[in-house]
Amino acid sequence: MPDTQKIALVTGANRGLGKESTRQLAGKGFKVILTSRSESGREVAQAFRDQGLDVVFHQLDVADGQSIAELAEYLNENYPQLDVLINNAGIHYDTFQSTLNADFAIVEEALRVNAIGPWRVSKALMPMLKKSKGGRIVNVSSSSGSFADSWPGTPAYSMSKTALNMLTLKLAADLEGTNVKVNSVCPGWVRTAMGGPEAPRDVTEGASSILWAALLPDDGPSGGFFRDGVAISW
């Protein structure tokens with residue numbers, strides 16, 4: 001690995017936006033650690049390598065503290081720094097629920113994976129991010145978590161994304177004055193397993209919005225909420 005090569009890590013990257021974000025980052029010369037809870041990520045990483053892209057797989061369950069600790073140890077032992085962390089792993093777009101009939105097992109799992117997971121991963125990998133000349137954390141969020149723009153339904157998913165947006169604000173405040181920037185990104189309504197076939201955006205567009213935040217220059221923003229590089233309402 002060249003000394004100047006940048007390193008990125010993407011969670012939930014075995015399909016959808018995570019997979020496409022991995023492809024785009026690797027296409028820009030990054031070495032990308034593709035992580036997923038499922039071992040299917042290993043085959044995805046191999047397929048990328050077959051295309052000449054520098055992608056490796058590491059298993060990660062963002063809701064499992066031991067899995068996160070093992071990932072942090074792997075990074076520390078094998079890489080000089082981490083330049084980009086994309087917290088993409090997500091679960092439970094619960095269109096079938098309302099606040100009145102919600103299954104709290106689903107609500108609690110959504111919060112564990114979508115909000116607490118990115119918090120735990122960011123905290124565990126912070127020493128590696130601080131070794132970068134310009135560390136970037138991208139929290140893949142949604143307008144469903146916006147007080148201004150949300151809509152009825154999906155209570156578990158929406159509340160977990162609202163919590164993720166607050167994590168972005170708190171992390172950015174705690175990292176002020178460091179070389180690490182953190183932002184939330186709404187990729188829009190994208191045709192993925194979660195977004196469904198009627199979504200107007202393809203994964204290339206959605207991932208490009210994520211990449212914008214991953215590749216911010218040194219004078220770029222931190223602690224914001226963006227879509228396509230444009231600030232949107234909390």
| query | Quick one: what pairs do we get from the range 207-220, first residue crowded, with 21+ Cβ neighbours inside 10 Å, second acidic (Asp, Glu), C-beta under 6 Å, 6+ apart or different chains? | reply | ALA207/GLU20; SER209/ASP228
| query | Restricting attention to the range 80-104, which residues are surrounded by fewer than 21 Cβ atoms within 10 Å (Cβ to Cβ), closer than 15 Å to LEU9 by Cβ and among the polar types (S, T, N, Q)? | reply | GLN81
| query | If you scan the range 15-30, which residues turn out to be on the phi > 0 side of the Ramachandran plot, at pLDDT below 95 and in a loop (DSSP other than H, G, I, E, B)? | reply | none
| said: It is to be established whether one or more residues within the range 93-115 are under 28 Å from LEU216 (Cβ atoms), of a type in the set (S, T, N, Q) and touching a residue at least 40 places away in the same chain (Cβ under 8 Å). | reply: yes
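Results for (1) under 21 Å from SER209 (Cβ atoms); (2) among the small types (Gly, Ala, Ser); (3) touching a His at 6+ places or on another chain (Cβ under 9 Å); (4) in a helix (DSSP H, G or I), shown as yes or no for each residue.
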site: GLN5; (1), (2), (3), (4): no, no, no, no
site: ALA8; (1), (2), (3), (4): yes, yes, no, no
site: ALA13; (1), (2), (3), (4): yes, yes, no, no
site: VAL32; (1), (2), (3), (4): yes, no, no, no
site: SER38; (1), (2), (3), (4): no, yes, no, no
site: GLY52; (1), (2), (3), (4): no, yes, no, no
| Quick one: would you say ALA102 is touching a Pro at 6+ places or on another chain (Cβ under 8 Å), among the small types (Gly, Ala, Ser) and modelled with pLDDT of 95 or more? | yes
| request: Would you check if ARG112 is buried (at least 20 other Cβ atoms within 10 Å of the Cβ), basic (Lys, Arg) and either over 14 Å from the mean Cα position of the chain (by Cα) or closer than 17 Å to LEU75 by Cβ (or both)? | output: no
| said: surrounded by fewer than 21 Cβ atoms within 10 Å (Cβ to Cβ) and closer than 18 Å to SER132 by Cβ: which single residue out of THR4, THR11 fits that description? | reply: THR4
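Please list, ordered by residue number, the helices (runs of 4 or more DSSP H) wholly in the range 80-183 having 1 or more residues that are in contact with a Phe, Trp or Tyr (Cβ under 8 Å, 6 or more places away or on another chain) and among the β-branched types (Val, Ile, Thr).
Ranges flagged: 155-174.
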| field | Residue check for ILE137: on the phi < 0 side of the Ramachandran plot and surrounded by 18 or more Cβ atoms within 10 Å (Cβ to Cβ) | value | yes
| said: Checking the conditions here, which among SER150, SER141, SER158 is modelled with pLDDT under 90 and in contact with a Ser or Thr (Cβ under 7 Å, 6 or more places away or on another chain)? | reply: SER150
| query | Which residues, taken from the range 144-164, are of a type in the set (S, T, N, Q) and surrounded by fewer than 21 Cβ atoms within 10 Å (Cβ to Cβ)? | reply | SER144, SER146, SER150, THR162
| note | Matching residues in the range 62-79 (surrounded by fewer than 20 Cβ atoms within 10 Å (Cβ to Cβ), in a loop (DSSP other than H, G, I, E, B) and touching a residue at least 40 places away in the same chain (Cβ under 8 Å)) number 2
| task | Determine whether the range 36-59 contains at least one residue that is crowded, with 16+ Cβ neighbours inside 10 Å, within 25 Å of TYR157 (Cα to Cα), touching a residue at least 12 places away in the same chain (Cβ under 8 Å) and of a type in the set (A, V, I, L, M, F, W, C). | result | no
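The values are calculated or read from the model by the stated rules, or taken from the named source; none is laboratory data. Keep in mind it's a predicted model, so treat the numbers as computed, not measured. Please note: Cβ atoms are built from the backbone with ideal geometry, for glycine as well, and neighbour counts cover all protein chains shown.
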